[in-house]
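Below is one structure, written out as structure tokens; the observations come after it.
The values are calculated or read from the model by the stated rules, or taken from the named source; none is laboratory data. Predicted model, so just to flag it, every value in this text is computed and none were measured. Heads up, the Cβs are rebuilt from the backbone with ideal geometry, glycines too, and the neighbour counts pull from every protein chain shown. To get the accessible areas, we keep the full protein, side chains included, count just its heavy atoms, and leave off ligands, DNA and RNA. Shrake-Rupley method; radii C 1.70, N 1.55, O 1.52, S 1.80 Å.
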Amino acid sequence: MQRIYYIDGKFVSADNAKVPVADLGLIRGYGVFDFFRTYNGVPFHLEDHLTRLHHSACAVELDFPWTFDELSDLVTDVLARNGSGEHKVRIIITGGDTEDFSSPSVDPRLIIIVTPCSAVTPEISDDAVKVITVEDNRMMPSVKSINYISAVVAMKRAKKLGAIAGLYVDKAGYVWEGTRTNLFAFLRDTLVTAGHNILVGITRQPVLELADGVVPLEFRELKLEELLSADEVFITSSSKEILPIKMIDDRQIGDGKVGEGTKSLQKRFRDYVVNWAK
């Protein structure tokens, strides 16, 4: 089935989806986006994603002329045009066409891209993955910018080393988040995650709610050496949900298997999304 996208007020096939070369997102990387998936065909926490998108646009002084209701209706329309099943949705706002290759247009460009994704299954994999560390910081951590140079470079390094993602480590040795994920660690029975200086993940929030009252929670930064000595480590995102980490660089985490704390949260989260919008 041909994918249908939304660009500048029109629904177009993926083959005919085009953006002018004078778009400020291409020329200067000026733009923001948000990304989510559906469960049972319903966008997961759509209003939270739109709120974060609006925050990102405001933070970089990018015009946001749409209401949440308008964007929600457009997302619903694009999904309907792409048939049944589960989908991933990416909403992008750029500075639009620029005349001087520097200044944004008075009309920002809105793009909505929909692609298929796997359905939720009752089974939870026992697999854990490897990640690498990268000495870097995301510019404006609370903003989901289209400028992903650091993440792309980190992902290229990760693939060469048999890893699936990178973790950002600042010059002081603190690990805040992943290239496209939030980071959690079990230190004995306490679940630790950064409380600031990160992108506030939409998947992260229900994970915290599911953990609250079940395990002690601690919001603080983690030194790399402390993270490497953790009993369990996992990352979260819209596409990865809760993904256990068995190795960071060349250091094994715990016994290299999925820990009981992580398994429990995976099961709780799976029940949560299976019942989403029922």
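Starting from the Cα-Cα distance between ASP8 and ASP271, subtract it from 0.36 nm times their residue separation and give me the gain in nm to one decimal.
Working: separation 263, 0.36 × 263 = 94.68 nm, distance 3.76 nm.
Full extension from ASP8 to ASP271 adds 90.9 nm.
Select from ASN40, VAL106, LEU208 the residue farthest towards the positive end of the dipole of the chain; place +1 on Cβ of Lys and Arg, -1 on Cβ of Asp and Glu, and compute about the Cα centre.
ASN40
In nanometres, what is the gap between the two model label sites at LYS263 and ALA119, each 7 Å from Cα along Cα-to-Cβ?
2.7
Helix 149-160 versus the longest principal axis of the chain: what is the Cα-based angle in degrees, 0 to 90, to the nearest 10?
Long axis of 149-160 versus the principal axis of the chain: about 50 degrees.
Out of the DSSP beta bridges found with both residues in region 171-222, what percent are antiparallel (nearest 5)? All intermediate terms of the calculation are to be shown ahead of the outcome.
On the way: 4 of 8 bridges.
Among the beta bridges of region 171-222, antiparallel pairing accounts for roughly 50 percent.
With all pairs of different alpha carbon atoms counted, what Kirkwood hydrodynamic radius in Å does region 97-256 show? Please list the in-between numbers first.
Details: mean 1/r = 0.0583 Å⁻¹.
Over region 97-256, the inverse of the mean reciprocal pair distance is 17.2 Å.
Taking only protein heavy atoms into account and a 1.4 Å probe, give the accessible area per residue of the chain in Å². Mind showing how you got there, number by number?
Details: 13820 Å² over 278 residues.
Per residue, the chain has an accessible area of 50 Å².
How big is the equivalent ellipsoid of region 1-106 along its three axes, where each semi-axis is √(5λ) from the Cα gyration tensor, reported in whole Å from largest to smallest?
Details: eigenvalues 124, 62, 21 Å².
Taking √(5λ) for each eigenvalue gives 25, 18, 10 Å, largest first.
What is the ratio of the Cα radius of gyration of the chain to 2.2 N^0.38 Å, where N is its residue count, to two decimals?
Working: Rg = 19.4 Å, N = 278, 2.2 N^0.38 = 18.7 Å.
Against the empirical 2.2 N^0.38 Å value, I get 1.04 for the chain.
So which lysines pass the test for LYS223, namely a Cα distance under 28 Å, with those fewer than 8 places away in the same chain ruled out?
LYS130, LYS144, LYS156, LYS159, LYS160, LYS171, LYS240, LYS246, LYS257, LYS263
Over all distinct Cα pairs, what is the inverse of the mean 1/r for region 66-177, reported as the Kirkwood hydrodynamic radius in Å?
Details: mean 1/r = 0.0563 Å⁻¹.
It works out to 17.8 Å.
DSSP loop GluC sites (Glu not before Pro) in region 103-192 with at most 10 other Cβ atoms within 10 Å of their Cβ, which ones? List each step's numbers first, then the result.
Values: sites: GLU123, GLU135, GLU177; in loops: GLU123.
Here the GluC sites (Glu not before Pro) that fit, given the DSSP loop and packing criteria, are GLU123.
Roughly how many debye, to the nearest 20, is the charge dipole of region 140-198 about its Cα centre, given +1 on each Lys and Arg Cβ, -1 on each Asp and Glu Cβ, and no other charges? Could the numbers behind the result be given before it?
On the way: 8 positive and 3 negative charges, 70 e Å.
That gives a dipole near 340 debye.
Would you mind calculating the gained length between ASN16 and ASN197 on full extension (0.36 nm times residue separation, minus the Cα-Cα distance), in nm to one decimal?
On the way: separation 181, 0.36 × 181 = 65.16 nm, distance 3.90 nm.
In short, 61.3 nm is gained.
Over the chain, with a Gaussian network built from C-alpha contacts below 10 Å, which listed residue (LYS257, LYS160, LYS267) shows the highest mean-square fluctuation?
Of LYS257, LYS160, LYS267, the most mobile in the Gaussian network model is LYS160.
Let me spell out the model: positive unit charges on the Cβ of Lys and Arg, negative unit charges on the Cβ of Asp and Glu, origin at the Cα centre of region 38-153. What dipole size does that give, in debye rounded to 20? Show your work: numbers first, answer last.
Numbers: 8 positive and 18 negative charges, 57 e Å.
Charge dipole, region 38-153, about its Cα centre: 280 debye, nearest 20.
Can you give me the solvent accessible area of ARG81 with a 1.4 Å probe, rounded to the nearest 10 Å²?
Probe radius 1.4 Å; accessible area of ARG81 about 110 Å².
Tell me which residues come under 5 Å, amide H to amide H, from HIS45 once H is placed; ignore anything under 5 positions away on its chain.
none
Magnitude of the Cβ-charge dipole of the chain, K/R +1 and D/E -1, about the Cα centre, nearest 20 debye?
Taking the Cα centre of the chain as origin, the dipole is about 800 debye.
With all protein chains present and a 1.4 Å probe, how do ASP170, ASP8, ASP255 order by accessible area, largest first?
Values: ASP170 25, ASP8 75, ASP255 105 Å².
So, going from the largest accessible area down, we get ASP255, ASP8, ASP170.
Using helices alone, I'd like the mean residue ellipticity at 222 nm for the chain: each DSSP H run of four-plus residues gives -39500 (n - 2.57), total over residue count, nearest 500.
Numbers: 7 runs with 73 residues, N = 278.
Only helices count here, giving -8000 deg cm²/dmol.
Going through region 1-58, which trypsin sites (Lys or Arg not before Pro) have at most 12 other Cβ atoms within 10 Å and a DSSP loop state? Could you put the intermediate results ahead of the total?
Values: sites: ARG3, LYS10, LYS18, ARG28, ARG37, ARG52; in loops: ARG3, LYS18.
Of the trypsin sites (Lys or Arg not before Pro), the ones in loops of region 1-58 whose Cβ has at most 12 other Cβ atoms within 10 Å are LYS18.
What percentage of the solvent-accessible surface of region 188-231, computed with a 1.4 Å probe over protein heavy atoms, is contributed by carbon and sulfur atoms? Display every interim value, and only then the final one.
On the way: 1050 of 2220 Å².
C and S atoms contribute 47 percent here.
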